[in-house]
Amino acid sequence: MESSASMRKASSHASLADPDDFDLTRLLNHRPRINVDRQRSFDDRSLSELSATGGRGGWGGGGGGMESYESMYSPGGGLRSLCGTPASSTRLSFEPHPLVGEAWEALRRSLVCFRGQPLGTIAAVDHSAGEVLNYDQVFVRDFVPSALAFLMNGEPDMVRNFLVKTLLLQGWEKRIDRFKLGEGAMPASFKVLKDPKRGVEKLVADFGESAIGRVAPVDSGFWWIIILRAYTKSTGDVSLAETPMCQKGIRLIMNQCLAEGFDTFPTLLCADGCCMIDRRMGVYGYPIEIQALFFMALRCALLMLKPDAEGKEMMERIVTRLTALSYHMRSYFWLDFQQLNDIYRFKTEEYSHTAVNKFNVNPDPARMDFRWFALGNCVAILASLATPDQAAAIMDLIEERWEELVGDMPVKICYPAIEGHEWQTVTGCDPKNTRWSYHNGGSWPVLLWLLTAACIKTGRLKIARRAIDLAEARLARDGWPEYYDGKLGRYIGKQARKFQTWSIAGYLVAKMMLEDPSHLGMISLEEDKAMTKPVLRRSASWTV
Ligand code: GLC
């Protein structure tokens, strides 16, 4: 999350020695806007209600979208008129952009079939690229925008198939060398192989044992839960989520991430490279991407678990964790000028409960990560981990620092890039992650759908339109690249695949959501007031 704050993770490497030279202080120089007046939706009953009744929210009911969107989002201005428009008439009046048809064709070309049924989309259909590496696999995280596109287009069957088959993979025994991974782990990716002898197709999954860096994906299980909730919300079909198999799958994922260890924080301790940024980039410890997805998955799981004997106990654990997690994130991950100033003035070596500088941050060689991460911030908005005023502040930041965060191709995966000695030590001189490239400040078109969703949720449609216009001007012409390089994101990434599926699907999802904002309900959760009382005082920079 973060921005006028931005949420940061509590480790890493910027120094506050000279705050005047520090990019983020300039980045934070903006005013917030609090313009969202939302009502609660049926989907988003408070945690206290849920735990008191042991019941589930109304996420399964009805045909998804419009109804709950209207109850969820009734801000003033432009959005109201959109909300008042029935989905069908919005669709009729919509002139599809010529790229939309082209994108659908490309997306369908990426479909993978297993025993005659489509089951996912491969990462890239790039015949020109030399080495395929693992881009011929179905990645769980890459499939998210594909799943949303098909759901929005009224084609849920393939999404259902994906959810069921990946659940079977979860049941495998997973080993890396002689070490056995936890039961709930979900694969980063899988592919369909044909057994030449028997002529049957089988699935082969990668839980990190083949991935570059050998890191297991922490995000896969969370995304699986989020897709299941999107499927349920969009189809109104609760029967899949209610199957014993899905209930067990949710519980196993939850069990793994709720397990108690030596940690003193409710956040999830992670290895570097366990999410979208899947190689060494100093994104370890408590990265915002994982914490925001964790929060969202906990909330989605709570809505879908049945309060039977096993489910009820899990629901209680989830509620307890959510309360602690939201308090922790809102207290320690939000970064605005006031926070920065407090840190700048920190004293060290404080002991006991009265410590102000709880984590003993040494402001000079701070080892704090002040980078801004797009995915974590957008998911924090969608999951309502960010309060409405924090969400508005994040959108303000994006608008005001457009050149840095969006540039010529939406959106930068993180900002700023690391370079020089820091790049050498942190990435191990990774040539793919040189400054302003790939994971290190590169621009990823897939993030367009997350930005658009965050814009709709906060009522900032102008920002979404502007970003989509930029993408539209180049994406198809450039062959739907995986990422762009450069400070402004003007160059097609040096090693970017073409026809990268999530760039294509991300564009389609952004277009469809803007055309019919009721789709947002699939991927967004209303604020839970009982759980998430803001604990942060407002700083002067955002009360003005
Ligand atoms: C790269 C990305 C990762 C993605 C994969 C397949 O490894 O870093 O996030 O899932 O490619 O597209």
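Every number in this text was worked out from the coordinates using simple rules, so none of it is lab data. Just so it is clear, the model here is predicted, and its values are computed rather than measured. When we count neighbours, we look across all protein chains shown, and the Cβ atoms used for this are built from the backbone with ideal geometry, even at glycine.
Worth a mention:
- Approximate shape of segment 303-383 as ellipsoid semi-axes (Cα gyration tensor, √5λ), whole Å, largest first: 34, 18, 9
- Normalised size of segment 234-277, defined as Cα radius of gyration per 2.2 N^0.38 Å with N residues, equals 1.61.
- Taking amide H as placed 1.01 Å from N in the peptide plane, the amide H of VAL112 sits under 5 Å from that of LEU119, GLY120, THR121, ILE122, each at least 5 places away or on another chain.
- Positive contributions from Lys and Arg (+1) and negative ones from Asp and Glu (-1), summed over other residues with Cβ under 9 Å from the Cβ of GLN495, come out at +2.
- For segment 170-239: rounded, prolate or oblate by the Cα gyration tensor [a/c cutoff 1.5]: oblate
- Mean shadow area of segment 119-252, taken as a quarter of the surface of its Cα convex hull (nm²): 9.5 nm²
- Descending Cα extents along the principal axes, segment 261-338, whole Å: 42, 33, 24
- Taking a ≥ b ≥ c as the square roots of the eigenvalues of the alpha-carbon gyration tensor, segment 312-437 is classed oblate because a/c is 1.5 or more while a/b is no larger than b/c.
- Pairs from the table (LYS202/LYS233; LYS165/LYS498; LYS412/LYS494; LYS457/LYS511; LYS233/LYS306) lying more than 21 angstrom apart at Cα are LYS202/LYS233; LYS165/LYS498.
- Ordering of 260-269, 320-329, 178-187 by packing [mean C-beta count within 10 Å, highest first]: 320-329, 178-187, 260-269
- Base-10 log of normalised Debye intensity for segment 254-299 (one unit scatterer per alpha-carbon) at q = 0.30 Å⁻¹: -1.19
- Seen from ASN161, the other residues with C-beta closer than 14 Å to its C-beta sum to a net charge of -1, counting Lys and Arg as +1 and Asp and Glu as -1.
- Rounded to 0.05, the FRET efficiency of the HIS353 and GLU422 pair, given R0 = 35 Å and the Cβ-Cβ distance, is 0.55.
- Cα centroid separation, segment 239-258 to segment 303-337 (Å): 16 Å
- Contact order for segment 381-510, expressed relative to its length and based on alpha carbon pairs under 8 Å spaced 6+ residues apart, stands at 28 percent.
- Sorted peptide list for 342-348, 454-460, criterion being average Cβ within 10 angstrom, highest first: 454-460, 342-348
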